[in-house]
Amino acid sequence: MKANSNIPYHEALNPSQLEAVNFTEGPLLVIAGAGSGKTRALTYRVARFVEKGVAPGSILLLTFTRKASFEMLKRAALLLDNRCEKVAGGTFHSFANTVLRKYAPNVGFNPDYSILDRADSESLISMLRKEMTFVAGHRSFPRKQTLANIFGRAVNKALPIELVILNDYPHFAHHTEAIIAISNDYKKHKAEHSFLDYDDLLVYLKTLLKDHSDICRSISSTYRYLMIDEYQDTNLIQAEIIRLLAASHQNVMVVGDDSQSIYAFRGANFKNIMKFPEIFPGTHIIRLEENYRSTQPILNLTNVIIAQATEKYSKTLFTRRPGGSLPVLVSAGNENSQARFVAEEIRKLNQSGVPLGQIAVLFRANFHSFDLEIELSRDGIPFAKTGGFKFTESAHIKDVLAHLKVLCNPYDRISWYRILLLLSRIGPKTAQNIYAAILAEQEGYKGLFTVKAKNILTGDFQRLKYLFEFLDSKTMSVAQTGEAVLNYYTPILKDKYDDHPKRTKDLEHLLTIMERYLNIESFLTDMALEPPSTSINNSLSLDDPGDGRLILSTVHSAKGLEWHTVFIIWALDGRFPSIHALHSSEDFEEELRLMYVAATRARENLFFIYPGQVYDRTSGMVLSRPSSFIADIPDNILARISYEQ
DNA sequence: TCACGGAATATTTTT
DNA sequence: TATTCCGTGA
């Protein structure tokens, strides 16, 4: 291999990584510990295949974010040549979309379907929820977001809704009937309007492969080598898709770390990775245990944390890096002294030369950082919170997209409501009437011009009519259409938002994206499946290189990232582990894995901080014990200090 | 029927 | 912090 290759496999890879790269036929499971270079292994393996002469188009690399696959293929291309960029790569969802656009009729729907992103499906659910008359009056009826969670869980775990409510939302048990009714409405509405949500993409792909063995065989013979990243976060449907795709050739490699499975609440099932060898008999298993990230004292601690898990592929991470200081557990008097401790330490670190962008504060839930944010602002320490709003989730982008969506699907009720409610003097009732008229005409959005109702003689509604008349009158490119909508929308924007200059910029950005598309349908599909990763307001986008700001992040959003110094705040029993997880051993164990993920982010310094006395309103309990995941760890592994004032 | 203001509330969120 | 819900007055 060395002789006729320009790729320095032996220099760049350790023996386990090398073994994974060279194992090219048959089922392979790579258990990749935190920071063990699994991306490197995957990248080199792609390059190796292509170098050997495997057609790039017959390799399928599935990941959970489009960014992950894009980067791997780009790096592989740097190693070898740009044939690697022709490898079929993407997310499960984009792969499902590609297949379904071709085969949708085989599973009973139109290939012109539109995709509902999370926000779309939530607003649809909200609409249906409001129409349930008997819901009104029940103050404690689940919100749209909760409903979407319940429906999603039922699908991803293949459980009936009753059971999901009983298991995870017992406090809504008395609403079970209404929730099921809304779920049925939701399904019906999607079917009638050719909408697929994210889950539907996977479900229909699975159904297609399962019910049409000829199609399944044909797809399998196209993709003869499968690689799946982050396998611990797949759900049952995804595992089944992989099983079906790999059944005929068995050339499937999955990479993951069962100890870092933290998405069970979305249906991920870490047992998929445990069961993989059963589903594919003869699976070869490789463990990557050499860690390239953290110092040994940090690894000693994280090894102890994860040793408490009951079900796992046991692995012990080690490093060859010398030195390092002990992780520290800090007891702070109250919430505010916790924040002050963090701010003070950050200041010291920064003065000793650690850039702010190399420091992160991690926490269990988004609102746990509120107090700290106030403290940081007061101290003048610049910070950025990850996650935050994504480009396509911001109101003004969604407003504009709604106008484009109805062009493709004139009976898209959610979008019409969104468009109409932007106009003054038009509320839900009038919007309903106008939509009814559009539906009644059964001819595009003709009803917009013929509808008669009070409240609509305003100039606003006239302008809307002109817009659609104009869009109708001639054929326009995607960008021209976008421009027309923007001209119409800008006055509304200026009226609605004080910060319109910033939002106008976003819209201009949107327009430049539109210029790349030949039709609106494919533009909208990409906006749902592969939205631009730029986030708005001053929150940080992940591809924004470490600038001069401290990072605040939930543990979930921190997965896969690393920093010089990591602070884990609220390491308090009842917060982390969350009070919601104390009743179920499965949930509790997931909290443990979450703590493991948090701690393994650190390269040099690791701090856990907990406030000593906190009253928790929802439970009525006083929380005062440090997180049980670390409370009993001996002093020679975890140092202790206390901080008052 | 709509618009507005104040109060209540919140676990985590790759598509 | 920010979103959503609810009641009130126009």
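The values are calculated or read from the model by the stated rules, or taken from the named source; none is laboratory data. It should be emphasised that the depicted structure is a prediction, and the values quoted were computed from it without experimental measurement. We place every Cβ from the backbone using ideal geometry, glycine too, and count neighbours over all the protein chains shown.
Being within 30 Å of A:Asn336 (Cβ to Cβ), under 27 Å from the mean Cα position of the chain (by Cα) and outside any strand (DSSP E or B), is that true of even one residue in region A:401-418? Lay out the reasoning, then the answer.
Pass one, region A:401-418, residues within 30 Å of A:Asn336 (Cβ to Cβ): none.
Among the residues of region A:401-418, not one is within 30 Å of A:Asn336 (Cβ to Cβ), under 27 Å from the mean Cα position of the chain (by Cα) and outside any strand (DSSP E or B), which makes the answer no.
Listed here are the residues, each with its yes/no results for (1) touching a Cys at 6+ places or on another chain (Cβ under 7 Å); (2) away from DNA strand C (no atom under 16 Å from the Cβ); (3) closer than 30 Å to A:Ala191 by Cβ.
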residue	(1), (2), (3)
A:Tyr411	no, yes, yes
A:Pro428	no, no, yes
A:Ile434	no, yes, yes
A:Ala437	no, yes, yes
A:Thr450	no, yes, yes
A:Phe461	no, yes, no
A:Glu469	no, yes, no
A:Leu486	no, yes, no
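Only one of the numbered conditions (1) at pLDDT 90 or above; (2) surrounded by 14 or more Cβ atoms within 10 Å (Cβ to Cβ); (3) under 26 Å from the mean Cα position of the chain (by Cα) is violated by A:Ala191, and that is (2). Yes or no: A:Glu644 within 16 Å of DNA strand B (Cβ to nearest atom) and modelled with pLDDT under 95? Taking the combined requirement at face value, the residue does not satisfy it. Restricting A:Pro297, A:Pro277 to those that are surrounded by fewer than 24 Cβ atoms within 10 Å (Cβ to Cβ), out of contact with any strand residue (DSSP E or B) (no Cβ under 7 Å at 6 or more places or on another chain), modelled with pLDDT of 95 or more and at negative phi reduces the list to A:Pro297.
Residues checked against (1) within 16 Å of DNA strand C (Cβ to nearest atom); (2) basic (Lys, Arg); (3) in contact (Cβ under 8 Å) with a residue 60 or more places away in the chain:
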| residue | (1), (2), (3) |
| --- | --- |
| A:Ile305 | no, no, yes |
| A:Thr310 | no, no, yes |
| A:Gln338 | no, no, yes |
| A:Lys348 | no, yes, no |
| A:Gln358 | no, no, yes |
| A:Ile374 | yes, no, no |
| A:Phe391 | yes, no, yes |
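Filtering A:Lys74, A:Lys2, A:Lys38 for residues that are at pLDDT below 95 and touching a His at 6+ places or on another chain (Cβ under 7 Å) leaves a single hit, A:Lys2. Applying a threshold of 7 Å to beta carbon distances and a minimum spacing of six or more residues, or different chains, the list of pairs starting in region A:245-263 at a residue that is of a type in the set (Asp, Glu) and ending at one that is surrounded by fewer than 22 Cβ atoms within 10 Å (Cβ to Cβ) reads A:Asp258/A:Met274; A:Asp258/A:Lys312; A:Asp258/A:Tyr313.
Answer yes or no: is there a residue in region A:484-499 that is part of a helix (DSSP H, G or I), under 15 Å from A:Leu401 (Cβ atoms) and within 13 Å of DNA strand B (Cβ to nearest atom). Within region A:484-499, one or more residues are part of a helix (DSSP H, G or I), under 15 Å from A:Leu401 (Cβ atoms) and within 13 Å of DNA strand B (Cβ to nearest atom).
Can you confirm whether region A:103-126 contains a residue that is of a type in the set (Lys, Arg) and more than 11 Å from DNA strand B (Cβ to nearest atom)?
No, there is no match, as no residue in region A:103-126 is of a type in the set (Lys, Arg) and more than 11 Å from DNA strand B (Cβ to nearest atom).
Return the residues of region A:200-235 that are within 16 Å of DNA strand B (Cβ to nearest atom), part of a helix (DSSP H, G or I) and in contact with a helix residue (DSSP H, G or I) (Cβ under 8 Å, 6 or more places away or on another chain); say none if nothing qualifies.
The first filter runs over region A:200-235 and keeps only residues within 16 Å of DNA strand B (Cβ to nearest atom), leaving A:200-206, A:227-235.
Those left that are additionally part of a helix (DSSP H, G or I): A:200-206, A:231-233.
Correct list: A:Asp200, A:Leu201, A:Leu202, A:Val203, A:Tyr204, A:Leu205, A:Lys206, A:Tyr231, A:Gln232.
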